[in-house]
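The values are calculated or read from the model by the stated rules, or taken from the named source; none is laboratory data. These numbers come from a predicted model, not from an experiment. Don't worry about glycine lacking a Cβ; one is built from the backbone with ideal geometry, like all the others, and counts go over all protein chains shown. Only protein heavy atoms, including side chains, enter the accessible area calculation; ligands, DNA and RNA are left aside. Shrake-Rupley method; radii C 1.70, N 1.55, O 1.52, S 1.80 Å.
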Amino acid sequence: MGQELNDEYGVKVAMFIKESKYRGTISEEEAKELGASVFTYSYGNEAVGYELTFYWAVDKQADSVVLARYTYEGVPSGIAVNHMMALLFTNKTMPEISTINYQALERLLRDNPTIEALPSEENYAITFGIDAARLAVKAYTNQVLSHEEKSVPCKDSPMSIASIKASIKLHNIQTLETLAEYTKAGSTDESCKEELLAWIEENKNAVAEQEAAESALSAVPFKDMSPDHRIIAVETAIDNTVRQYLVMDGGDIDILSVKENGDQFEVYISYLGACSSCDSSGTGTLMAIENALKDKLDPNIRVIPI
């Protein structure tokens, strides 16, 4: 390949880079033998130093990927990222692919659960891969992109305004330097830095408002809250406890309502993404959610999935 591997790469990342067996294209003939059709999606370009094209053999009846490959030019860790994504995409439907997120992908690339998979300056390889997958699904399903999803503000990054803002929020990014690590935005292009700083500041203000709201809620006993405030309190408690683990596994929950039933508070939830089909959604996951709410809000809470 003619590329030197970074000494900071772990064993798994280095192995995927050297193996790279999913790197390549899929011909129409090969897809036809699998009873599928070829779908391609390109992301980035040579100018930003990251050029990726997905090749998916798609079963049109199920809208599922039966074979995934890619072509790629960029930082070597991107090979490992795309290798793992090709594994994750195979036998997944388009909605399932769209639930694959940064945290889950990054965790799967780790050797050690406590050590990040990539050196910080290459985190953008994961961000770009997730962004490309999300946009590929939207292209396949003919979804119309919003203005912010179509607008690319910086010449040094393929990411749209919407994607950059989402990264700032996801990682609670505080500086331009950290933003460049996750998105490459503003790393060399000076013309967009003022906008980027404004979005970082906007997120800081939103976080501060959320923390103030959480502080105000925590001062009121759960039983004395209004129905609307109880839902907010439940959402906040979930955000601060189990939600990150649900999201890392490709799932989430939606808080539907909170109802009083005698001395009990019944919290009705709906599982989203991978959680909806997980074997533990009615046992271990449910218990973890309920215990978190009992600990944070009220011991008389019962969680009911519907």
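State all residues of the stretch 258-269 that are free of Cβ contacts under 8 Å to residues at least 40 places away in the same chain and open to solvent by less than 30 Å² (accessible area, probe 1.4 Å); if no residue qualifies, say none.
Val258, Glu266, Val267, Ile269, listed by residue number.
Quick check on this structure: which one of Thr53, Thr127, Thr114 is in a strand (DSSP E or B) and of a type in the set (S, T, N, Q)? Break it down stepwise before answering.
Values: Thr127 fails: in a strand (DSSP E or B); Thr114 fails: in a strand (DSSP E or B).
Testing whether each residue is in a strand (DSSP E or B) and of a type in the set (S, T, N, Q) leaves just Thr53.
Please identify the pairs in which a residue from the stretch 121-138 that is touching a residue at least 24 places away in the same chain (Cβ under 8 Å) has its Cβ atom under 7 Å from the Cβ atom of a residue that is in a helix (DSSP H, G or I) and open to solvent by 30 Å² or more (accessible area, probe 1.4 Å), counting only partners at least 6 apart or on another chain.
Glu121/Glu181; Asn123/Glu181; Asn123/Tyr182; Tyr124/Glu181; Tyr124/Tyr182; Thr127/Tyr182; Arg134/Ser98; Val137/Ser98
Can you spot a residue in the stretch 73-82 that is farther than 22 Å from Pro113 by Cα and in contact with a Phe, Trp or Tyr (Cβ under 6 Å, 6 or more places away or on another chain)?
Yes, the conditions are met somewhere in the stretch 73-82.
Could you check the stretch 105-133 and list, in sequence order, the residues that are surrounded by fewer than 18 Cβ atoms within 10 Å (Cβ to Cβ) and under 15 Å from the mean Cα position of the chain (by Cα)?
Just the residues of the stretch 105-133 that are surrounded by fewer than 18 Cβ atoms within 10 Å (Cβ to Cβ), to begin with: 107-108, 110-116, 119-121.
Those that are surrounded by fewer than 18 Cβ atoms within 10 Å (Cβ to Cβ) and under 15 Å from the mean Cα position of the chain (by Cα): Arg107, Leu108.
Let me confirm something: among Val137, Val152, which residue is out of contact with any Cys (no Cβ under 7 Å at 6 or more places or on another chain), open to solvent by 20 Å² or more (accessible area, probe 1.4 Å) and within 23 Å of Glu73 (Cα to Cα)? If you could, list the steps in order and put the result at the bottom.
On the way: Val137 fails: open to solvent by 20 Å² or more (accessible area, probe 1.4 Å).
Just one listed residue meets the conditions, Val152.
For Asp254, indicate whether it is of a type outside the set (A, V, I, L, M), in a strand (DSSP E or B), farther than 27 Å from Leu118 by Cβ and open to solvent by 20 Å² or more (accessible area, probe 1.4 Å). Talk me through it step by step, then tell me what you get.
Numbers: of a type outside the set (A, V, I, L, M): yes; in a strand (DSSP E or B): yes; farther than 27 Å from Leu118 by Cβ: yes; open to solvent by 20 Å² or more (accessible area, probe 1.4 Å): yes.
So Asp254 fits the description; yes.
Test each condition in (1) modelled with pLDDT of 90 or more; (2) part of a helix (DSSP H, G or I); (3) open to solvent by less than 30 Å² (accessible area, probe 1.4 Å) for Val303 and report the one that comes out false.
(2)
How about the stretch 59-83: which of its residues are crowded, with 22+ Cβ neighbours inside 10 Å and either out of contact with any helix residue (DSSP H, G or I) (no Cβ under 9 Å at 6 or more places or on another chain) or of a type in the set (A, V, I, L, M) (or both)?
Of everything in the stretch 59-83, those that are crowded, with 22+ Cβ neighbours inside 10 Å and either out of contact with any helix residue (DSSP H, G or I) (no Cβ under 9 Å at 6 or more places or on another chain) or of a type in the set (A, V, I, L, M) (or both) turn out to be Val65, Ala68, Ile79, Ala80, Val81.
Please go through the stretch 178-201 and pick out each residue that is more than 21 Å from the chain's Cα centre (by Cα) and assigned to a helix (DSSP H, G or I).
Listed by number, the residues that qualify are Glu190, Ser191, Cys192, Lys193, Glu194, Glu195, Leu197, Ala198, Glu201.
Table: residues versus (1) free of Cβ contacts under 8 Å to residues at least 12 places away in the same chain; (2) part of a helix (DSSP H, G or I); (3) of a type in the set (S, T, N, Q); (4) over 20 Å from Ser157 (Cβ atoms).
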| position | (1), (2), (3), (4) |
| --- | --- |
| Val75 | no, no, no, no |
| Val81 | no, yes, no, no |
| Leu88 | no, yes, no, yes |
| Ile97 | no, yes, no, yes |
